[in-house]
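Where a number appears in this text, it was derived from the coordinates with a stated rule and is not lab data. In this text, all values refer to a predicted model and were calculated from it rather than measured experimentally. Cβ coordinates were reconstructed from backbone atoms using ideal geometry, including for glycine residues, and neighbour counts include every protein chain displayed.
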Amino acid sequence: MIKFIVIEDDKHHQEKVKNLLRTVTFESDEEIKILVYQKFTSKLREEILDKSDRKIFVIDIELEGNYSGVQIAKLIRENDWESEIIFMTNHDKMFETVYRNVYKVFDFIEKFHSFDSRLEKDIKEILKMNFDNKMFIYHGRNIDLHVFYKEILYIYRDTEDRKVVIVTTKNKFSVGLSIQDTLDQLDNRFKLVHRACIANLDHVQKFNWKDKCFVLDNGTKVDMLSKKYKKEVEVK
């Protein structure tokens, strides 16, 4: 599902944006949902914190209430670097403020200067982009784990604890699975590189088959590599 989150306090412009989004996404293969908010609310906060769906935020910079569009966008970026943000404004004086305060803004569109064509172009470009929200999910006796595939660096079997350890970009998690059961839940970016290790090939910078190790894109060297799996690794 793709969610469009429109944050606009002018009802006439709300309808204009909704109609345009419906037209642009009419032939999309994905399920489309359009949500509209006039200002910052607890429900909007919940939507921002929920990362289960792909989202495109279309935000008016100047809003009624305690939060401006820029403040809402900053809250989005504190929790979510994946969703796209498009700003709308009645004038271009806020352009510099937006780009100084909000990371990764897709576009800044003036409402009365080719608005329809620019928003349509932006949405079409965003819909063509690859969005990776695949997630590894594990429910155990003492842990419920949800980790994005793209955040997993490698996975290995801890022989002492007899558990699988999932090493991510920020943390480590132990789960009560076998290496094979874990691999069965993953996609083809993950390959066995050792009988007790799975690597995310998207994060591997170098395989050193002679020294039986591989190097990750963060510089970490992992000494779990076997020539037995070389052919498997070369097929992605």
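Work out the length of the dipole vector of the stretch 179-236 about its Cα centre, built from +1 on the beta-carbon of each Lys and Arg and -1 on the beta-carbon of each Asp and Glu, and round it to the nearest 20 debye.
Once rounded to the nearest 20, the dipole reads 380 debye.
In straight Cα distance, which lysines are under 16 Å from Lys206, not counting same-chain residues fewer than 8 positions off?
Hits, sequence-local ones excluded: Lys191, Lys221, Lys227, Lys230, Lys231, Lys236.
Calculate for the chain the 222 nm mean residue ellipticity that helices alone would give, adding -39,500 (n - 2.57) per DSSP H run of length 4 or more and normalising by residue count, nearest 500 deg cm²/dmol.
That calculation yields -7500 deg cm²/dmol at 222 nm.
Using packing as a proxy for protection, rank 8-14, 27-33 so that the peptide with the highest average count of other Cβ atoms within 10 Å comes first. Could you put the intermediate results ahead of the total?
Numbers: 8-14: 15.1, 27-33: 10.1.
Per-residue Cβ counts within 10 Å, averaged per peptide and sorted highest first, yield 8-14, 27-33.
Which shape class, rounded, prolate or oblate, goes with the stretch 2-128 when its Cα gyration tensor gives a ≥ b ≥ c as root eigenvalues, a/c under 1.5 marks rounded, and past that a/b bigger than b/c marks prolate?
Numbers: a/c = 1.36, a/b = 1.10, b/c = 1.24.
Verdict is rounded for the stretch 2-128.
Radius of gyration and Dmax for the chain's Cα atoms, expressed in Å?
Values for the chain (Cα only, Rg and Dmax): 22.2, 67 Å.
If you take the charge dipole of the chain about its Cα centre, with +1 on Lys and Arg Cβ and -1 on Asp and Glu Cβ, which of Val147, Ile126, Gln185 is farthest toward its positive end?
Positive-most Cα among the choices belongs to Gln185.
Fewest Cβ neighbours within 10 Å first, please rank Met129, Met224, Met88 accordingly.
Met129, Met224, Met88
What are the lysines whose alpha-carbon lies under 18 Å from the alpha-carbon of Lys43, with same-chain residues fewer than 8 places away excluded?
Lys3, Lys33, Lys51, Lys55, Lys74
How big is the dipole moment of the chain about its Cα centre under a simple scheme where the beta carbon of each Lys and Arg is +1, that of each Asp and Glu is -1, and everything else is neutral? Debye, nearest 20, please.
1220 debye
May I ask you to sort Met1, Met135 by Cβ crowding, counting other Cβ atoms within 10 Å and putting the fewest first?
On the way: Met1 10, Met135 15.
Going from sparsest to densest Cβ surroundings: Met1, Met135.
Could you tally the net charge around Phe4, taking each other residue with its Cβ under 9 Å from the Cβ of Phe4, Lys/Arg +1 and Asp/Glu -1?
Around Phe4, the charge tally is +4.
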